[in-house]
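Q: What follows is a structure written as structure tokens; I'll ask about it next.
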Amino acid sequence: MTYFIFFLGLCFILGALAVASNPSPYYGVLGLVLGSVVGCGWLLSLGVSFISLVLFLVYLGGMLVVFVYSVSLAADPFPETWGDWRVLGYGVGLVLVVFVGMVVGNFVGVGVQGVNTVDCGGAVSIRMDFSGVAMFYSLGAGMFLVAGWGLLLTLFVVLELVRGLSRGAIRAV
Amino acid sequence: MSLLHLCFYSAFTLSGLGLAFHRTHFISALLCLESMMLSLYVALSIWPIQTQTPSFTLIPVLMLAFSACEAGTGLAMLVSSTRTHGSDHLHNLNLLQC
């Protein structure tokens, strides 16, 4: 089980590497989907299933779907895969950066500390992640209103960015 | 540093470097930004587990809401760049000649 969690962590790094080596955006989105699925599995293995499902729904099911069909704006006739020497060079260089960072930061070994449970130390009727996020609606109502206001504001920001006809922020045509 | 901390720390660093060394497409930079947000989400989720404080499990959810705002703004800029220049190549954004 310990090695399974290590494998999930390694796949998380591989997903980030797949995005960072900047292949054609079709393959970058693939790396991001892999990273988010493995991240969900990682959070599940640590016990916080509610946080993991929130990530799955909102990030993978909401934001990444929008990114996947926005990638169609970036259509290349000959997309660069991970076999091209440019992308491979970037990948190898980034892996070298990680290894040098591990050496400089004195990363010692693969010791894992014990994983704490999410049932608040035995009081199994209370779940840590459910009750924590549920505070958003009781004690955190002010933050709830601020977040809702920010989300509404973002809609108007997006509208003003893509508006043209010499009144827009970017399109001055 | 434990191995789990190394995993999200190096994922964040890799995505940040991928954002810095972008090449042709604007959307590749946006994807690196999303990968940074993902590693931040995982990091913010691991923290309340290890300190056993339930009220901090709200923080990654809130961060995800604001990161969705940021992704929407980035995609709006992508769309306006494509409508102005015909593609999202970064060499089109050449007003700053330095």
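The values are calculated or read from the model by the stated rules, or taken from the named source; none is laboratory data. Every value quoted in this text rests on a predicted model; they were computed, and no experiment measured them. All Cβ positions, even for glycine, are placed from backbone atoms using ideal geometry, and neighbour counts span all protein chains on display. Side chains are part of the model used for accessible areas, which takes the heavy atoms of the whole protein and leaves out ligands, DNA and RNA. Shrake-Rupley method; radii C 1.70, N 1.55, O 1.52, S 1.80 Å.
Q: Within region B:63-84, is even one residue among the aromatic types (Phe, Trp, Tyr), open to solvent by 20 Å² or more (accessible area, probe 1.4 Å) and within 7 Å of chain A (Cβ to nearest Cβ)? Please lay out each step first, then the result.
A: If we filter region B:63-84 for residues that are among the aromatic types (Phe, Trp, Tyr), which is where we start, we get B:66.
Narrowing the set further to residues that are open to solvent by 20 Å² or more (accessible area, probe 1.4 Å) leaves B:66.
Within this subset, residues satisfying the condition of being within 7 Å of chain A (Cβ to nearest Cβ) are B:66.
Yes; the residues of region B:63-84 include at least one that is among the aromatic types (Phe, Trp, Tyr), open to solvent by 20 Å² or more (accessible area, probe 1.4 Å) and within 7 Å of chain A (Cβ to nearest Cβ).
Residue-wise test of (1) modelled with pLDDT of 85 or more; (2) open to solvent by less than 10 Å² (accessible area, probe 1.4 Å).
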| site | (1), (2) |
| --- | --- |
| A:25 | yes, yes |
| A:36 | yes, yes |
| A:41 | yes, no |
| A:46 | no, no |
| A:71 | yes, yes |
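Q: Residues of region B:14-58 being surrounded by fewer than 22 Cβ atoms within 10 Å (Cβ to Cβ), of a type in the set (S, T, N, Q) and facing another protein chain (nearest Cβ under 7 Å), which ones?
A: Passing the criteria: B:50, B:52, B:55.
Q: Can you pull out every residue in region A:126-143 that is touching a helix residue (DSSP H, G or I) at 6+ places or on another chain (Cβ under 7 Å), surrounded by 15 or more Cβ atoms within 10 Å (Cβ to Cβ) and more than 7 Å from chain B (Cβ to nearest Cβ)?
A: A:130
Q: Looking at A:97, A:71, which is the one that is of a type in the set (Val, Ile, Thr), assigned to a helix (DSSP H, G or I) and closer than 26 Å to residue B:66 by Cβ?
A: Values: A:97 fails: closer than 26 Å to residue B:66 by Cβ.
That would be A:71, the only listed residue that is of a type in the set (Val, Ile, Thr), assigned to a helix (DSSP H, G or I) and closer than 26 Å to residue B:66 by Cβ.
Q: Using the structure shown, decide if residue A:18 is hydrophobic (A, V, I, L, M, F, W, C) and in contact with a strand residue (DSSP E or B) (Cβ under 8 Å, 6 or more places away or on another chain). So that I can check it myself, show each step before the final result.
A: On the way: hydrophobic (A, V, I, L, M, F, W, C): yes; in contact with a strand residue (DSSP E or B) (Cβ under 8 Å, 6 or more places away or on another chain): no.
Against the criterion (hydrophobic (A, V, I, L, M, F, W, C) and in contact with a strand residue (DSSP E or B) (Cβ under 8 Å, 6 or more places away or on another chain)), residue A:18 does not qualify.
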